[in-house]
Structures are given as C-alpha cells and as structure tokens.
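Visitor: Got a structure for you, questions after.
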Amino acid sequence: MRFDLITIFPEFFTGPLDYGIVRRAREARLIETHVHDLRNFAHDRHRTVDDRPFGGGEGMVMKPEPIFEAVESLVGSASAPASASTAIVLLSASGKIFGQPVARRFAVLERIVLLCGRYEGVDERVAENLATDEVSVGDFVLSGGELPAAMILDAVTRLIPGALGNEDSTVNESFSEPVPNVRDGFTSRGFGNESRPEVSGAVHGILDYPHYTRPQSFRGWDVPEILIGGNHEEIRLWRRKKALEKTARNRPDLLAAREEAPRRKS
C-alpha cells in the first residue's frame, strides 16, 4: 500500500514514520510512505497556501488550487472518476468519526492520500470535488491534520497482512468486529474547527459551517453568492443552516444528543 501525505509541515512526519510497526512495514516493503510539501504547489513569490474567508470570520482558509494541484500530480485529474482502490482523505474535525471499521475499509485499498488541513479550515470545494472521504479522529480540535494523518496511517498499517507478524493480534483486540471490505461511500467536507459564537452563524454542539476563500470562482465552482453580498444577518443564517445540514449528514448523533438533552432535564 502507498500512503501520500500532503502537508505544509513535511518535517513533522520524520518521527512517526521512523518507529515501531510503521517503520518495520516500510522496511519490509509492505507500505510506501511519501510526504509532499503543499507549498511546492503554490506558485506565487510567497508560496501562499491560505487566504481570508469570504463572508468574514476568524482566521485564514486554505486555498483550493495548491491542494488540487498536489493531489492531481499524484492521482490524475479530479474531473476523472476516482479509482476504487484509492482514497483521498481530508482530515477534518467536521468529518465522520474514524474507527476500526473505517480502518479496515482503508486497509484493503492500494493507495491513501491524506490531506492535512491547517488554519481555520480548508476551502469547501476541496471537500466537495476532490476528497473521497472526510474523517475526524474525535470530538476535539487540533492545530492541523498531521497528527490525525499519522494516527490513521498507523491504524491502517497494522491491519495489513504481515505488518504485525501474528495475524491473531488484530482479531482479538478492541474494535475487531468484522465489517464488509467495501467502500461505503463516505462523503467529504472541509476541515472544521471549534464551534463559534452564534453571531458568526455557528451553533454550539454541532459541526462547523463550510469555509470558502479566494479565488471566487475555481474550475466552475463558485463561492456561494450569499457570502459575497455583505449582508451579515443573511450570512449568519446561511452558516447556521449549512452547519446543521453538515451535522445531519456527517454526525447525526450530535443532533440526536441535542434533542435528548432537554428530555433528560425535564
């Protein structure tokens, strides 16, 4: 299996890839790991990979062009159908929870491309039109996707035959229930962060709303017009609606928990 890790901090992976089961799997040629510096795919003088969010808000958002170019340099055009043997995984606090069933699904693939987000988030067009999966490693916020990428690489590697030496090790451990070895159609969304105050359109206890940055139009995918108009109340309501839609799609358990809380109090 081949792992490609796309990051603005390639040196981060020097440690995680050089120890334990991952190192042994590399030495045994059970896996290949390739780390790619995202800034190599930014062509302005400052190698810029982020910009201000449309519609206002905190922080900076990672631009779509360098990420698309980096991935397409590895697997071909994003407009072509993705190979069933390849997963393009966006690490995202707004993603579906990564667990052992997902690790087993990934372990039968030939290639996994891991996209490590940073800053406030990743332009939503990456999630909608490039990634095959959006994955979160838990209900907490990290500074970026590098740690989750290392965790996923480790979890998947140890499921590859020969990586552990004793195959029963993966049969008799936690979360070892069998699942079908098929892709289940996970969809992808952007790199979310902590819930924001109500004034920004976020709703506490659910996932983040989609982020967009420049360019306004990218490969025919336009930033939603409402974010360009400057009406802050409309933007707030739109963000709230989209955050709820994303939560219903990716983490319906969070909505169920919100509905259950008032019943418990009563």
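Visitor: Determine the equivalent ellipsoid of region 1-138 by diagonalising the alpha-carbon gyration tensor, then write out the semi-axes as square roots of 5 times the eigenvalues, largest first, rounded to whole Å.
Guide: They are 25, 17, 16 Å, listed from largest to smallest.
Visitor: Could you pull out the GluC sites (Glu not before Pro) across region 14-114 that fall in loop regions by DSSP (anything but H, G, I, E, B) with no more than 14 other Cβ atoms inside 10 Å?
Guide: Details: sites: GLU27, GLU32, GLU58, GLU69, GLU72, GLU110; in loops: GLU58, GLU110.
Answer in residue order: GLU58, GLU110.
Visitor: Let me ask something additional. Place a point 7 Å from Cα of SER85 in the direction of its Cβ. Which residues in region 24-66 have their backbone N less than 12 Å from it?
Guide: Inside the label zone: nothing.
Visitor: Check which residues have an amide H placed less than 5 Å from LEU207's amide H, if you skip close sequence neighbours.
Guide: THR247
Visitor: Per residue, what volume in Å³ does the Cα convex hull of region 1-80 take up? Present the calculation step by step, with values, prior to reporting the outcome.
Guide: Details: hull volume 10.6 nm³, N = 80.
Given the Cα convex hull of region 1-80, per-residue volume reads 133 Å³.
Visitor: Give a quick list of chymotrypsin sites (Phe, Trp or Tyr not before Pro) in region 1-91 that DSSP marks as loop, anything other than H, G, I, E or B, with at most 12 other Cβ atoms within 10 Å. It would help to have the intermediate numbers written out before the result.
Guide: On the way: sites: PHE3, PHE12, PHE13, TYR19, PHE41, PHE54, PHE68; in loops: TYR19, PHE54.
Within region 1-91, the qualifying chymotrypsin sites (Phe, Trp or Tyr not before Pro) (loop, at most 12 other Cβ atoms within 10 Å) are TYR19.
Visitor: Which stretch or stretches of region 212-234 have amide N atoms under 18 Å from the point lying 7 Å from ASP44's Cα along the Cα→Cβ direction?
Guide: Hits in region 212-234 for ASP44 at 18 Å: 212-219, 223.
Visitor: Using 1/(1 + (r/R0)^6) with R0 = 30 angstrom and r between the beta carbons of ALA248 and PHE9, what's the FRET efficiency to the nearest 0.05?
Guide: So, using R0 = 30 Å, E works out to roughly 0.35.
Visitor: Just how large is the dipole of region 121-170 about the Cα centre, in debye to the nearest 20, putting +1 at every Lys and Arg Cβ and -1 at every Asp and Glu Cβ?
Guide: On the way: 2 positive and 10 negative charges, 31 e Å.
The dipole magnitude comes to about 140 debye.
Visitor: Amide H to amide H under 5 Å from SER136: which residues, 5+ apart in sequence or cross-chain, H placed 1.01 Å off N in plane?
Guide: Those lying under 5 Å, H to H, from SER136 are SER92, GLY95, LYS96, ILE97, PHE98.
Laboratory data are not the source of any read-out in this text; all were calculated from the coordinates shown. This one's a predicted model, so the numbers in the text were calculated from it and none came from an experiment. No Cβ is skipped: glycine too gets one built from the backbone with ideal geometry, and neighbour counts run over all protein chains shown.
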